[in-house]
Amino acid sequence: MRAVSTSETTATTNPWAVHAEDLRVRAGRHLAVDGLDLTLGTGVHGLLGPNGAGKTTLMRSLATVIKPSGGRLTLLGQDAGGHGDLREVRRNLGYLPQQFGFYPRFTVREFVEYMAWLKEMPKAGLAAAVQRAIDRVGLTAKADARLKTLSGGMLRRAGIAQAVVNDPRLLLLDEPTVGLDPEQRLEFRELLRDLGTDSCVLVSTHLVEDVVAACTEVVLVNEGRLLHRGTPDSLIAEGDDRDPGDSPAERGYSAILRKHRTAVAR
Amino acid sequence: MTTHPSLTVIDRYAGGDATLDEATVWSLEVHLEDCADCRARLAGSSTDASRTLISAVAVELDREIAAGPAPTRPFRLSAAWRRAFIGTLAPWMLMSLGAVGCAALLTHVQSSWPSVVLLVAPLAPLPGVAAAWNRRSDPAWELVAATPASGLTMLLRRSAAVLVVIIPALVLAGAGTGTSLALMLLPCLAFTAATLVLGSAVGMQRAAVGLMAAWTAAVIAPSLALAETPVLLRPDSAGVWALVTVTLAALVAARSDAFRRLPSL
């Protein structure tokens with residue numbers, strides 16, 4: 001018999017990877033996220049919304065890059081809104097920013113390795129994890145090419161590789177499909193489904209069809225507020241033939257936005 | 001893997017038995033990848049035909065490896081270089097080095113002025129320190145900011161990289177001008193620490209610019225106008241500088257929490 005400490009018996013998994021209550025985040029002086037309530041669990045969540053809806057600001061605050069100005073934010077069971085220690089959360093985080101800056105002289109492998117080191121991954125198995133991440137995004141042949149020699153789509157994939165290198169429990173991808181050709185987008189959707197089986201993936205995008213094809217859930221925001229959430233089918237169900245759009249999901253998307261705008265105008 | 005496959009199964013697998021079902025083959029192969037003992041058993045059961053094939057492949061491979069070019073290791077930046085990340089800091093440090101060089105020149109030419117090197121020494125590391133954690137100078141700023149390594153440790157590591165370059169340059173520029181080493185280096189460290197403390201509140205860039213402007217207006221300009229060494233930089237104030245440096249360093253440590261998300265906009 002021995003005493004069991006509380007740290008041994010606390011749950012290692014949390015019902016929600018992301019739990020935001022009345023979250024408010026500023027982008028400069030503008031309140032870009034304005035009282036958002038959101039809970040996200042395991043799976044692939046597609047974040048949709050028009051330009052300026054606060055998607056990128058929301059992503060940044062979830063990535064712990066900017067501090068929320070109000071409300072509560074819990075990531076992977078830890079408070080991420082205040083002054084608390086963010087190291088544990090950040091170790092389990094993968095983030096691809098919208099404007100993804102890079103060091104042009106690094107090779108793909110050096111870049112992913114550097115990011116893995118910054119994410120404090122253990123040295124043992126680091127090289128293998130880097131190779132696996134590069135393989136997963138299909139950059140194996142370009143692993144030792146310098147970043148400045150890569151095309152836009154390849155850079156994007158290098159960015160995805162650094163985001164997934166630590167097998168994050170919370171993966172945030174801001175516009176990951178920009179610059180990918182149709183075939184790569186199909187492969188990327190496959191990767192997303194794979195990643196979403198045991199971690200929480202939030203993908204911000206403008207491409208409604210990507211969301212419908214690869215996501216288990218749709219989150220639609222506008223002006224910093226949650227407008228709609230549900231399965232891709234629930235998005236499709238919102239629209240009918242009179243709504244603008246080339247696919248059922250696009251019609252659903254524009255129907256929700258239009259409904260919201262007329263409600264606001266009234 | 002808990003159970004090892006039976007020798008019969010390994011024999012049948014080695015002999016290329018077509019009646020062995022796919023699921024068994026898969027689980028056997030997965031097991032073989034991890035289990036050296038079973039691989040040895042497999043080697044014992046292999047047929048003459050497969051042994052001949054394997055040795056033929058080995059001979060051919062050896063021949064091709066001997067004929068081909070020797071493997072070369074691609075040039076790689078050293079880990080230390082990448083981690084301190086001097087690359088993006090280089091332009092800023094060159095600027096500082098240039099300023100220190102000009103100061104050394106002025107000190108030699110204008111003998112009526114107090115040592116200009118001594119006057120600019122506190123400011124020399126500031127451009128580099130400001131660039132060490134800045135949205136504009138570090139292209140991967142946003143990526144780095146979301147990692148556990150970001151924060152005070154990274155800032156200190158990068159600031160140290162700046163000081164490692166700037167301090168020898170200052171010592172070199174100050175040599176022969178008769179300026180006290182302590183009076184040059186202590187203010188230099190104090191200003192670096194002050195930038196970090198202020199930077200944790202208002203952003204590194206603003207902190208560095210503010211301190212540089214304040215020092216220029218309050219100390220450099222009057223002492224050049226009056227052509228005398230300011231009180232702050234006379235030999236008997238070295239003790240004060242040491243005290244200030246230690247206090248500021250302690251303040252940096254105390255504010256380490258604030259560096260997790262720097263307002264580096």
Residues of segment A:243-266 with amide N under 16 Å of the 7 Å Cα→Cβ point at A:Glu223: A:256-266
Using a Förster distance of 51 Å, the FRET efficiency for A:Asp233-B:Glu228 (Cβ separation, nearest 0.05): 0.05
Cα gyration tensor shape of segment A:100-167, rounded if a/c is under 1.5, else prolate or oblate by comparing a/b with b/c: prolate
Average other protein chain Cβ within 10 Å of Cβ, residues A:86-92: 4
D_trans [Stokes-Einstein, Kirkwood Rh over alpha-carbon pairs] for the protein assembly as shown, 25 °C, 0.890 mPa s, µm² s⁻¹: 89 µm²/s
Estimated distance in nm for a label pair at A:Thr197 and B:Ser55, the labels positioned 7 Å out from Cα along Cα-to-Cβ: 4.3 nm
Cα-based convex hull, segment B:128-265, per residue volume (Å³, whole number): 107 Å³
Between segment B:186-257 and segment B:1-74, the alpha-carbon center distance in angstrom: 69 Å
Size of electric dipole in the protein assembly as shown: Cβ of Lys, Arg +1 and of Asp, Glu -1, about Cα centre, debye, nearest 20: 2200 debye
Additional length obtainable on full extension of the chain from A:Ala145 to A:Ala127, 0.36 nm per residue less Cα span: 4.8 nm
Alpha carbon centroid spacing (whole Å) that separates segment A:136-212 from segment B:98-126: 51 Å
A:Ser247 versus A:Asp135: modelled label distance in nm, points set 7 Å from Cα along the beta carbon direction: 3.1 nm
Extreme residue, positive dipole direction of segment A:23-96, given options A:His30, A:Pro50, A:Ala63 (C-beta unit charges): A:His30
Neighbour-count ranking [beta-carbon atoms within 10 angstrom, fewest first] of B:Trp92, B:Trp113: B:Trp113, B:Trp92
Å³ per residue enclosed by the Cα convex hull of chain A: 153 Å³
Shielding score for A:95-106, defined as the mean number of other chain Cβ atoms within 10 Å: 4
Modelled FRET efficiency - R0 30 Å, B:Glu64 with B:Glu33, Cβ distances, 0.05 increments: 0.70
Approximate spin-label separation A:Thr262-B:Asp21, in nm, with each point projected 7 Å along Cα-to-Cβ: 6.0 nm
Around B:Leu28: net Lys/Arg minus Asp/Glu count, Cβ-Cβ under 12 Å: -4
Shielding by partners, peptide B:133-144 (average Cβ within 10 angstrom, other chains): 5
GNM flexibility winner over chain B from B:Leu211, B:Leu20, B:Leu156 (Cα, springs under 10 Å): B:Leu20
Dipole magnitude (debye, nearest 20) for segment B:155-265, charges at Cβ of Lys, Arg, Asp, Glu: 480 debye
Packing-based order for B:63-69, B:34-40, using average beta carbon neighbours within 10 Å, highest first: B:34-40, B:63-69
Where a label projected 7 Å from the Cα of A:Glu190 along Cα→Cβ would reach, residues of segment A:141-156 with amide N under 17 Å: A:141
Selection from A:Asn222, A:Gly196, A:Leu173, by position along the positive dipole direction of segment A:172-234 (Cβ): A:Asn222
Order of A:Glu88, B:Glu60, B:Glu142 - criterion: other Cβ atoms within 10 Å of each residue's Cβ, fewest first: B:Glu60, A:Glu88, B:Glu142
Selection from B:Thr47, B:Gly15, B:Leu28, by position along the positive dipole direction of segment B:7-67 (Cβ): B:Thr47
For segment B:7-67: rounded, prolate or oblate by the Cα gyration tensor [a/c cutoff 1.5]: prolate
Quarter of Cα convex hull surface for segment A:58-144, i.e. mean projection, nm²: 6.8 nm²
Charge tally in the Cβ shell below 14 Å around B:Arg206, where Lys, Arg are +1 and Asp, Glu are -1, B:Arg206 excluded: +2
Neighbour-count ranking [beta-carbon atoms within 10 angstrom, fewest first] of B:Leu152, A:Leu186, B:Leu118: A:Leu186, B:Leu152, B:Leu118
For the protein assembly as shown, calculated [θ]222 nm from helices alone, where every DSSP H run of n ≥ 4 adds -39500 (n - 2.57): -15500 deg cm²/dmol
Förster radius 51 Å - calculated FRET efficiency between B:Ala213 and A:Glu183, Cβ distance, rounded to 0.05: 0.40
Nearest-20 debye value, chain A charge dipole, Cβ charges on Lys, Arg, Asp, Glu: 900 debye
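Every number in this text was worked out from the coordinates using simple rules, so none of it is lab data. The structure displayed is predicted, hence computed values, not measured ones. Note: ideal-geometry Cβ built from the backbone for every residue, glycine included; neighbour counts use all protein chains shown.
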